[in-house]
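Visitor: One structure, as structure tokens, below. Some questions next.
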Amino acid sequence: MAVRLSPVALAVAGAVTLAACGGGGGGSSSTTTTTPASVDVTVTPSLGQFSTGCTVELRKSTGEALGSATVGTNGKAVIPISSYTGAVIATVKGSDTCTYFDEASGTDKPFGPTKKLAAVVDNIRQDMGVNILTNLAASKVLDTSGTALTAGATTDTIKQENATVQVMFQVGDMFAPPTLLNSSSGKTLDSTEAGKLAAKLAALAEVASSLSSNAADLAATLADDLKDGTLDSIDNTRLQAGLAATVTKYADDTAKASLEEIATGTSLTTDTTAAKEQARTALAAGTSLQQAKQIFADLRTSILSISNNAGTGSLDKQNAALKADFQNGVDVTKTFDNLTLMVNAVEQIYLGSATSVHNNTGSCGFTAATAPTEVVCLVRSPETGKGYRILLRPGADGVSVTWEVTHTRDLTTNVSTALSGLTGTMSRDLTGKNTLKGNFYPMTADGARTAIDTSFTYSGTKGTQLWSGSGTLDTLKSDGTTSTLKVAVTEFTADEAKKTAKLVGALTGPHHRFDGSLEVSDLTTSLDGNVSPKSARFVGSFTDISTATPFKFLEGTLTASQDQSAYNGNLDDSASNFVKVTIGFNGTAYKSAGVTGIGLTLSVTNTDGYASPKGEFTLTGLNGLSLTGKATPVTDGFNWEIKNSNGITLTYVASAKSGTIKNADGTSLGSISNQRASFIDGTYESLI
């Protein structure tokens, strides 16, 4: 009975089905929410991290003080506010001992007593960033003192000016706390919202350096420059160059591809007229745009960090490693089959009256040259493309049987090669326990031999036998120590009459280990005679063992069923000749050790027709993400549709490499391309 235990099957199924939500992207959320009347406001000033010699003040729109605090060692200031709601003005004030980390030069620079950096929000935010961009927007609504709103400025004015600057620089929420860079940071910028905002701000430090200036002075220069409605002191080329330099200096290796795409794709808008109009459209969309961005933000930090079209997700990388490990073929199933074939040969030929036995890939029997002592077994290992000739002989002790794999044959070229050293012994004690020990042919095409140490019992006649056992099969390379694939079975049971089998244990390759159980039941036979399990159920986990700290990257239950009764493997697949397959998965995927997993419920089937495969899925990720969707595999990938509970819908057409982001009422919130998701406020996210 064929028992198929392949790590590739589960990893590929997971990666392929996850790809049904590939082509999406990350996003940011610009939010201005009402907070309680009494609250601690955490302010994060950034031109790079500020020192403890700097002060942050909060004021009402009228200029009345709300409170102040010095910057802590973490680069943040915490200011309690009581009994106030409304617009807030935040100002970072310099001193003789105030410094900031200049990301361009990599050194601390003074932020003297005359220096200021401002931000204005229309309502209290518990977490509030102050930086060059917030200062630029604040310059449009503050009076000459810089401590109060200019005459006539309203909440709508603040929202409009803030949104305009965000459109100009393609930033989703410039008030969000960025990742703070300092002299000891190293490559810490990732593709989270904090990391991407920090990259944009650090790029401005690079721009300042290219203008023989510094970030503190550039903040004042840009504010003065924008008074006429146009930025003349910087351009898109300088900003992109600054982003490229920032990525080189500070991007974490895992986020480099994503941040590089942002660097090349950022387009600075220097004219506020066009930016204001786009900002109005975005503000009119209200919370729907924020929800759409949050979907992509959650997809970015959860689902797409595991699998995406670019193949940079953690599960994509695991799958690539699995394919690399077994690119030459792996055949655990037929190895088990051919070992049991030899056991049956001993039982039925040596101890019985049969002259031959066979399974669906091999046979054993006497030949004229070997009768009546030696039995010749001719078997195949289809996945590795090899055939083998095995001799069985009575052992010298009179109670055991030895094996010797004498030749291998290439199934493609039919060329036969002599082998040596692949010998072993089969024995049976008085309790009926059978033991197989020795060297067998390799389960992988790049192996030299399989070291076998197994024991099992069986009872009954062929076709109704009951099997149970345990042991190890370890395929080694020619050095005799390097393992290419090891199967450690703690429990194996099979019932030939009921056509069921269960295997519990671990399967270990060069980079991964599968721990769990596999149960198969019933058989399906193709028109060309190939016999395989009709249904299977995996329960277990896959672990990346290639690093010093192994971690689970996939766990759960995989169910699969197939019907090949109308399939002929000797013919090309077609609308009338294909295997009907249904695959389901319910479990969790992880992108790295210690990171919250992503809940997945997936179903893929082609039972409606060869050209009509389909998939449905529910994703439960970070930030309360709960999405439902469906996907249809096509020649170019997947066509898919994802919805949240409020009716915001994401669609993608693989052949066009494009899609849409729509509100529940059908209005556009953005578009999706093969490389990015673009929103109506000018922001976008890399899909890499």
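The values are calculated or read from the model by the stated rules, or taken from the named source; none is laboratory data. All values reported here derive from a predicted model rather than from experimental measurement. Note that we place each Cβ from the backbone using ideal geometry, even for glycine, and neighbour counts take in every protein chain shown.
Visitor: With A548, A536, A506 as the choices, which residue is at pLDDT 90 or above and not β-branched (V, I, T)?
Guide: Just one listed residue meets the conditions, A506.
Visitor: Sticking with this structure for a sec: Just need a number here: residues in segment 182-205 that are in contact with a helix residue (DSSP H, G or I) (Cβ under 6 Å, 6 or more places away or on another chain) and either surrounded by 24 or more Cβ atoms within 10 Å (Cβ to Cβ) or free of Cβ contacts under 8 Å to residues at least 12 places away in the same chain (or both).
Guide: Final tally of qualifying residues: 7.
Visitor: Residue check: is V539 in a strand (DSSP E or B) and more than 20 Å from T340 (Cβ to Cβ)?
Guide: Working: in a strand (DSSP E or B): yes; more than 20 Å from T340 (Cβ to Cβ): yes.
The answer is yes for V539.
Visitor: State whether the residues of segment 268-279 include one that is acidic (D, E) and assigned to a helix (DSSP H, G or I).
Guide: The initial filter retains those residues of segment 268-279 that are acidic (D, E), namely 271, 277.
Next, from what is left, pick out any that are assigned to a helix (DSSP H, G or I): 277.
The answer is yes, given that some residue of segment 268-279 is acidic (D, E) and assigned to a helix (DSSP H, G or I).
Visitor: Output the residues belonging to segment 563-590 that are modelled with pLDDT under 90 and aromatic (F, W, Y).
Guide: Result: F585, Y590.
Visitor: Let me ask something else about it. Which residues, counting only those in segment 37-77, are on the phi > 0 side of the Ramachandran plot and out of contact with any helix residue (DSSP H, G or I) (no Cβ under 8 Å at 6 or more places or on another chain)?
Guide: Keep residues of segment 37-77 that are on the phi > 0 side of the Ramachandran plot, which gives 48, 63, 67, 75.
Residues satisfying the conditions are G63, G67, G75.
Visitor: List pairs: first in segment 632-651 and closer than 18 Å to F679 by Cα, second assigned to a strand (DSSP E or B) and polar (S, T, N, Q), Cβ under 7 Å, 6+ apart or cross-chain?
Guide: Hits for this filter: E641/T649; E641/T651; K643/T628; K643/T649; T651/T660.
Yes/no matrix, rows are residues, columns are (1) over 17 Å from A220 (Cβ atoms); (2) assigned to a loop (DSSP other than H, G, I, E, B); (3) over 42 Å from the mean Cα position of the chain (by Cα):
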residue	(1), (2), (3)
A69	yes, no, no
T91	no, no, no
Y100	no, no, no
N123	yes, yes, no
T134	no, no, no
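Visitor: Now a separate question. Being free of Cβ contacts under 8 Å to residues at least 40 places away in the same chain and either surrounded by fewer than 12 Cβ atoms within 10 Å (Cβ to Cβ) or in contact with a helix residue (DSSP H, G or I) (Cβ under 9 Å, 6 or more places away or on another chain) (or both): is that true of T412 here?
Guide: yes
Visitor: Kindly indicate whether any position in segment 555-562 is out of contact with any Gly (no Cβ under 8 Å at 6 or more places or on another chain) and at pLDDT below 90. Before you say what the answer is, go through the steps one by one.
Guide: Residues of segment 555-562 out of contact with any Gly (no Cβ under 8 Å at 6 or more places or on another chain): 561-562.
Next, from what is left, pick out any that are at pLDDT below 90: none.
Within segment 555-562, not a single residue is out of contact with any Gly (no Cβ under 8 Å at 6 or more places or on another chain) and at pLDDT below 90.
Visitor: Do any strands (runs of 3 or more DSSP E) lying entirely in segment 599-683 carry at least 3 residues that are closer than 23 Å to A285 by Cβ, and which ones are they?
Guide: Details: elements: 614-620, 626-634, 637-643, 649-653, 658-662, 668-673, 676-679.
Because the criterion is at least 3 residues that are closer than 23 Å to A285 by Cβ, the strands (runs of 3 or more DSSP E) in segment 599-683 that meet it are 626-634, 637-643, 649-653, 658-662, 668-673, 676-679.
Visitor: Would you be able to tell me the number of residues in segment 583-604 that are in contact with an Asp or Glu (Cβ under 9 Å, 6 or more places away or on another chain) and under 15 Å from A631 (Cβ atoms)?
Guide: Residues flagged as in contact with an Asp or Glu (Cβ under 9 Å, 6 or more places away or on another chain) and under 15 Å from A631 (Cβ atoms) within segment 583-604 amount to 4.
Visitor: A further question on this structure: Among the residues of segment 417-448, which ones are of a type in the set (G, A, S), exposed (fewer than 13 other Cβ atoms within 10 Å of the Cβ) and in a strand (DSSP E or B)?
Guide: Going through segment 417-448, the residues of a type in the set (G, A, S) turn out to be 418, 420-421, 424, 427, 432, 438, 445, 447-448.
Imposing the further condition that a residue be exposed (fewer than 13 other Cβ atoms within 10 Å of the Cβ) reduces the set to 418, 420-421, 432.
Across segment 417-448, the qualifying residue is only A418.
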